[in-house]
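Each remark here refers to the structure printed beneath this line.
The values are calculated or read from the model by the stated rules, or taken from the named source; none is laboratory data. Worth saying up front: this structure is predicted, and the values here are computed from it rather than measured. Heads up, the Cβs are rebuilt from the backbone with ideal geometry, glycines too, and the neighbour counts pull from every protein chain shown. These area figures cover heavy atoms from the full protein model, side chains too; ligands, DNA and RNA do not enter into them. Shrake-Rupley method; radii C 1.70, N 1.55, O 1.52, S 1.80 Å.
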Amino acid sequence: MALPDAADVQVEVARFEAELARAASPREAQAARDRFLGRRNSVVASWMQTIASAPPEQKKQIGRLANELKQAVEERWRRYAAGAEAAARPAGAVDVTLPGRARPLGHRHPLTVVRDQMEEIFSRMGFALVEGPEVEDEWHCFDALNMPAEHPARDMQDTLYLASPVAGDAGAPGDRRTLLRTHTSAMQIRYMLAHTPPIRIVVPGRVYRRDDLDLTHTPAFSQIEGLVVGEGISLADLKGTLAAFARDMFGTGSRLRLRPSFFPYTEPSAEVDISCWKCDGAGCAMCKRTGWIEILGCGMVHPAVFEAVGYDPERYTGFAWGIGIERVAILRYQVEDIRLFYENDLRFLEQFPH
Amino acid sequence: MRLLVSWLKDFVDVPGSADEIAGTLGLRGFEVAGIEPAGPGDAVIDVEVTANRPDCLSVIGLAREIATAYGLPLRTPAADPDAAIALAAAPAGGADRVQVIDEDAALCPRYAAAVAEVIPVATPAWMAGRLQAAGIRPISAIVDLTNYVNVELGQPMHAFDLARLAGGTIRIRRARPGETIRTLDGVARTLEADMLVIADADRAQAIAGVMGGADSEVTGSTREVVFESACFDPASVRRTSRRLQLKTEASIRFERGSDPGAPVMALRRAIALMQQMCAGRLSGPIVDRYPSPRERRRLRLRRARVKLLLGATPPDAEIVRILEGLGLEVAAAGGGWDVAAPTFRVDLLREADLIEEVGRHYGLDRIEPTFPPAMTPTPPPDPRIARDRLVRRLLTAAGLSEAVSFGFIEARAAAAFAPDGGPDAVSIANPLSAKFDTLRASLVPGLVDALAHNRRHGLRDVRLFEIGARFAASGETRGVAVAWTGNAGSEHWSGGGRDVDFFDVKGLVEQICAALGAEIRCVPAATPFLVAGQTAAILGPQGQAIGLLGVVAPAAADRRGLPRQDRVVVGELNLDALDAIGVPAADRTRPLPRHPAVVRDLSIIVPDALPAATIRGTMQAAAADLKAPLAGTALFDRYQGQGVPEASVSLSIRLTFQAPDRTLTDAEVQQSVEQILAALVREHGAVRR
Ligand SMILES: [Zn+2]
């Protein structure tokens, strides 16, 4: 073996450091240490052995180099061991990457999520939240809303009638409910009969139609009805109210478009479109390339409705609207099939907020 | 209404493409379902006409809207043979070739007729083309020209074969009881006594305003025809059409209200077309039975009212232009206008209707939005809304997801889950499907079906709840129900999973009731769809029925498509009944105790049939005489098995003693424990462990 010189000390120290860095476990690190510092066959031990065979004038020099190497390696080992100790897991340590233990959390139904948001928006605008019965009588559901007996909306086609009447408000004699309400507007009548203007209410609730179950129709669905009655209420107020709602519900850039339409209980009547929130009016698949999404029907309360509840239509004016909650939910969540809302499949429900 | 653009241009020189015209119609209240090309430079606009505008089920009606929208003149039918829409100069009255007797002027306010000799010709191609564009199949020259007039002017017409009318008579009368007629579609129909028919001397030859009869149908061998152009009562036509389930181009127009002013004009248009086509020769005057001619409706329109309702002020000139364009007669009169509505506008009944017309053509987009000022403070919301939200919050926090089902179910499901066999169920008179023929008396069947749906899709742990209306003959109530199957908690690597049982759902029930301030108790109950011995009725303090709780019987689960071996626990509460017994939580907090509580555990062996509620009652009764006030008892272990005799159970009860005014001594606590034990020994033969 060649006699070690000063440069060999640096080389061996670097080699030891590299082996420590490569060590994948404490056992491998210990083996590396033993290869350099061990009593037998280690690097330091072999340098010591060369002293015996070295020329006398070099013995002292080699002894000094061997000692230098030993101290340098020991110093690196001490530093390594201190670091390794710090990295070791303390007693009672847990694997923090294991999953936590959580009580399961349920989810609100998407129709509730949408309804809650609308209730919140209208509450903030000063609307009172009111609910009404789902079983109704012909007068509240049709007659009082300017739909006389021969009106098309009263055809058996549209309305689900009860085979036998159901009692109405507890104890009210003669209050016999004969049908499932076809719109929440029936509650407008009940509320106006019980209150005097000014009125500012929204009525969320379930309504029923004699419709087949398919991709876009259900025999029951949910609405939010709005009603404002007072002195000097105009169509401009209706526009302003719905525009404010649209900005809150569908984004601050939402624009509103009113198209004249026909409902027996409002005059003038209109359908309301909102600028498509997906393409901002440019035209996309969701808005069928029109840039607009039809969202609700509305109008100024028909004077005949005021007469039915004993309000003076000369003194009071007002507006009303009805929004389909399913329709908004379908568009917002891009649900292809309305039946998903009624299947109650957890894989669907769990995609909505708690 | 399928509107051919070139036909429209007979009436108004509207510039622009079909797309632009469609867009204009859309913003004037006529939704456009589609646009189809129809030959070179032409198109059909499919217009959805709302039920209040029967006048627009015609080319002239939509042309009037377009003319008003664009501010263009409208060409109206005129007696000039060179006019775009020419009317024949036909005399009225005189010697009748046909005798017309109107027996029911209420259901038939006007009936006009004319007789013509038929000249056999083919329908000209231009007419056949226009009819086809309008969605009407050409049949023969005579029939086609009546259909043409219907589309063009909105006046349904009919042609009878005069030779087939017994006695050369047209008698407008109600059907005789049991009278039958074979209609043009070949169907034999039995009529009801209040249906209006057009009869000859013997029998019904047409159902008025709905469909003609096959016997007097115009055929290739017809020599003479009678053209009918009439006005029928809308309600009567609607009733008849609905009861016969027969909807036609004519009935759709009549049931919405036809123009009593139109029949003779339409007849003159038909004659002009007949002469133009050389399809026939008029053989007499026009017979017109119109005993009480309709006045135009006179209405008042106030300028201030326009401003009030629209929240905008269209200029006077604009208002007048719009109304005159729509065919109204307008005269300025202090603060507004006196207006006469044409007879074809059956929908213009009051001032608000006129304001809608102004708004429609002024443009709703030109109205600047405002926000209605708050007039009064907002009243509090319906208390049910806050209550339902609280219940929903509790249940989602407990790991249940919210379900929504229809309010109705199939009778079979309703019966399977009726507590007492379901005689009280409310059924639907006209269900569209047997799946939805019964109103739900309970929310449980809907949830069980939802569980079955989820199990079919491979989910094992399903926890659902629903808040909604339930129906019975006694009325509508709102309830909450839960249904739970699978794991009681969630799967975790540390273990501890177990299946849901009765007490998981009972815990939910207790939490909801506590949150609503209602004190309830459970008593054993029996109902066919729940497992015997694992069923409880939930009662209020005075025994009021609040709800039901239990494990679903395997047979009931199986019937709704759930695996028999699944344990399904359900519970349902009547929220309205809970409201009635709930006591609102006190607003004041209790001061925290100043003296420490002392806790003692007591283990006893008692018969296992003894209800926990009875033991609780005994301890509370004994507590009345104690030196150390008993602040609470809690059962923390219940054990049966080795070391406990047969039919017995070991109970470990934690007793908490606390006095508000002093620290309790060991001696008085010990004495109190002994007293409680003595009561348990005395009452139930309890043995201390
Ligand atoms: Zn879009």
Exercise. Which ones in segment B:365-376 are facing chain A (nearest Cβ under 8 Å) and free of Cβ contacts under 8 Å to residues at least 12 places away in the same chain?
Worked result: B:369, B:371, B:372, B:374, B:375, B:376
For this session: Determine which member of the set B:274, B:211 is modelled with pLDDT of 95 or more and open to solvent by 20 Å² or more (accessible area, probe 1.4 Å).
Result: B:211
For this session: Please identify the pairs in which a residue from segment B:442-457 that is at the interface with chain A (Cβ under 10 Å from one of its Cβ atoms) has its Cβ atom under 6 Å from the Cβ atom of a residue that is in a helix (DSSP H, G or I), counting only partners at least 6 apart or on another chain.
Result: B:453/A:343; B:454/A:346
For this session: May I ask you to list pairs of residues, at least six apart or on different chains, whose Cβ atoms are under 8 Å apart, with the first in segment A:287-300 being within 11 Å of another protein chain (Cβ to nearest Cβ) and the second being part of a loop (DSSP other than H, G, I, E, B) and near the ligand (Cβ under 8 Å from one of its atoms)?
Result: A:290/A:276; A:290/A:283; A:292/A:276; A:292/A:281
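Could you say which residue among B:305, B:256 is at pLDDT below 95 and within 14 Å of chain A (Cβ to nearest Cβ)? Explain how you work it out, then say what you get.
Values: B:305 fails: at pLDDT below 95.
Checking each option against the conditions leaves just B:256.
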Exercise. Looking at (1) buried (at least 21 other Cβ atoms within 10 Å of the Cβ); (2) at pLDDT 95 or above; (3) of a type outside the set (Ser, Thr, Tyr), can you tell me which one residue A:240 breaks?
Worked result: (1)
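Just give me the residues in segment A:88-115 being more than 7 Å from every other protein chain (Cβ to nearest Cβ), modelled with pLDDT of 95 or more and open to solvent by 30 Å² or more (accessible area, probe 1.4 Å), in sequence order.
We begin by selecting, within segment A:88-115, every residue more than 7 Å from every other protein chain (Cβ to nearest Cβ); these are A:88-97, A:100, A:110, A:113-115.
Going one step further and asking which of them are modelled with pLDDT of 95 or more, we end up with A:110, A:113-115.
Listed by number, the list holds a single entry, A:115.
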For this session: Name every residue in segment A:330-354 that is under 15 Å from the mean Cα position of the chain (by Cα) and loosely packed, with under 15 Cβ neighbours inside 10 Å, in order of residue number.
Result: A:334, A:347, A:350, A:351, A:353, A:354
Problem set entry | For residue B:346: the one exception among (1) facing chain A (nearest Cβ under 9 Å); (2) part of a loop (DSSP other than H, G, I, E, B) | (1)
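Let's see how each residue does on (1) in the same structural domain as residue B:486 (by TED's automatic domain parsing); (2) over 26 Å from residue B:562 (Cβ atoms); (3) open to solvent by less than 50 Å² (accessible area, probe 1.4 Å):
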| site | (1), (2), (3) |
| --- | --- |
| B:377 | no, yes, no |
| B:388 | yes, yes, yes |
| B:391 | yes, no, yes |
| B:395 | yes, no, yes |
| B:403 | yes, no, yes |
| B:412 | yes, no, no |
| B:436 | yes, no, yes |
| B:442 | yes, no, yes |
Exercise. For residue A:191, which of the numbered conditions (1) more than 29 Å from residue A:233 (Cβ to Cβ); (2) modelled with pLDDT of 95 or more; (3) open to solvent by 10 Å² or more (accessible area, probe 1.4 Å) fails to hold?
Worked result: (1)
For this session: Test residue A:39 against the stated conditions and say whether it is open to solvent by 80 Å² or more (accessible area, probe 1.4 Å) and assigned to a helix (DSSP H, G or I).
Result: no
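Is segment A:169-187 home to any residue that is modelled with pLDDT of 85 or more, assigned to a loop (DSSP other than H, G, I, E, B) and over 18 Å from residue A:323 (Cα atoms)?
Taking segment A:169-187 and keeping what is modelled with pLDDT of 85 or more, we get A:176-187.
Still in the list and also assigned to a loop (DSSP other than H, G, I, E, B): A:181-184.
Add one more test, that the residue is over 18 Å from residue A:323 (Cα atoms), and what stays is none.
No, every residue in segment A:169-187 fails to be modelled with pLDDT of 85 or more, assigned to a loop (DSSP other than H, G, I, E, B) and over 18 Å from residue A:323 (Cα atoms).
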For this session: Would you point out which residue out of B:43, B:51, B:38, B:18 is touching a residue at least 60 places away in the same chain (Cβ under 8 Å) and over 27 Å from the mean Cα position of the chain (by Cα)?
Result: B:38
Problem set entry | Close pairs from segment B:628-654: first at positive phi, partner open to solvent by less than 70 Å² (accessible area, probe 1.4 Å) and of a type in the set (D, E, K, R), Cβ under 7 Å, at least 6 apart | B:647/B:608
Seminar exercise, completed: Counting only residues in segment B:55-75 that are within 35 Å of the chain's Cα centre (by Cα) and either basic (Lys, Arg) or open to solvent by 10 Å² or more (accessible area, probe 1.4 Å) (or both), the one nearest to the other protein chains (Cβ to nearest Cβ) is identified as B:69
Seminar exercise, completed: Exactly one of A:47, A:77 is more than 30 Å from residue B:391 (Cβ to Cβ), out of contact with any strand residue (DSSP E or B) (no Cβ under 6 Å at 6 or more places or on another chain), assigned to a helix (DSSP H, G or I) and modelled with pLDDT under 90, and that one is A:47
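Modelled with pLDDT of 90 or more, over 30 Å from residue B:401 (Cα atoms) and within 14 Å of another protein chain (Cβ to nearest Cβ): does that describe residue A:140? So that I can check it myself, show each step before the final result.
On the way: modelled with pLDDT of 90 or more: yes; over 30 Å from residue B:401 (Cα atoms): yes; within 14 Å of another protein chain (Cβ to nearest Cβ): yes.
Taking the combined requirement at face value, the residue satisfies it.
Kindly indicate whether any position in segment B:643-655 is open to solvent by 50 Å² or more (accessible area, probe 1.4 Å) and within 12 Å of residue B:599 (Cβ to Cβ).
yes
Restricting the search to segment B:391-411, which residues are assigned to a helix (DSSP H, G or I) and free of Cβ contacts under 8 Å to residues at least 40 places away in the same chain? Show your work before the answer.
Keep residues of segment B:391-411 that are assigned to a helix (DSSP H, G or I), which gives B:391-397, B:411.
Result: B:393, B:396, B:397, B:411.
With a cut-off of at least 2 residues that are more than 16 Å from the ligand (Cβ to nearest atom) and either within 29 Å of residue B:389 (Cα to Cα) or hydroxyl-bearing (Ser, Thr, Tyr) (or both), name the strands (runs of 3 or more DSSP E) lying wholly within segment A:201-315. Please lay out each step first, then the result.
Numbers: elements: A:220-230, A:256-263, A:266-275, A:292-301.
Fully inside segment A:201-315 and qualifying: A:220-230, A:266-275, A:292-301.
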Seminar exercise, completed: Residues in segment B:458-483 that are open to solvent by less than 20 Å² (accessible area, probe 1.4 Å), over 23 Å from the mean Cα position of the chain (by Cα) and at the interface with chain A (Cβ under 8 Å from one of its Cβ atoms) total 3
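Here are B:532, B:525, B:514, B:577: which of them is open to solvent by less than 40 Å² (accessible area, probe 1.4 Å) and more than 35 Å from the chain's Cα centre (by Cα)? Break it down stepwise before answering.
Details: B:532 fails: open to solvent by less than 40 Å² (accessible area, probe 1.4 Å); B:514 fails: open to solvent by less than 40 Å² (accessible area, probe 1.4 Å); B:577 fails: more than 35 Å from the chain's Cα centre (by Cα).
Going through B:532, B:525, B:514, B:577 in turn, just one is open to solvent by less than 40 Å² (accessible area, probe 1.4 Å) and more than 35 Å from the chain's Cα centre (by Cα): B:525.
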For this session: Return yes or no: is residue B:659 touching a helix residue (DSSP H, G or I) at 6+ places or on another chain (Cβ under 6 Å), in contact (Cβ under 8 Å) with a residue 12 or more places away in the chain and not hydroxyl-bearing (Ser, Thr, Tyr)?
Result: no
Seminar exercise, completed: Filtering segment A:206-233 for residues that are at the interface with chain B (Cβ under 9 Å from one of its Cβ atoms) and in contact with a strand residue (DSSP E or B) (Cβ under 8 Å, 6 or more places away or on another chain) leaves a count of 10
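With respect to residue A:29, determine if the residue is surrounded by 16 or more Cβ atoms within 10 Å (Cβ to Cβ), part of a helix (DSSP H, G or I) and modelled with pLDDT of 85 or more. Steps first, answer last, please.
Details: surrounded by 16 or more Cβ atoms within 10 Å (Cβ to Cβ): yes; part of a helix (DSSP H, G or I): yes; modelled with pLDDT of 85 or more: yes.
In short, yes.
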Exercise. Quick one: would you say residue B:194 is within 15 Å of residue B:206 (Cβ to Cβ), assigned to a loop (DSSP other than H, G, I, E, B), of a type in the set (Asp, Glu) and assigned by TED's automatic domain parsing to the domain that holds residue B:237?
Worked result: no
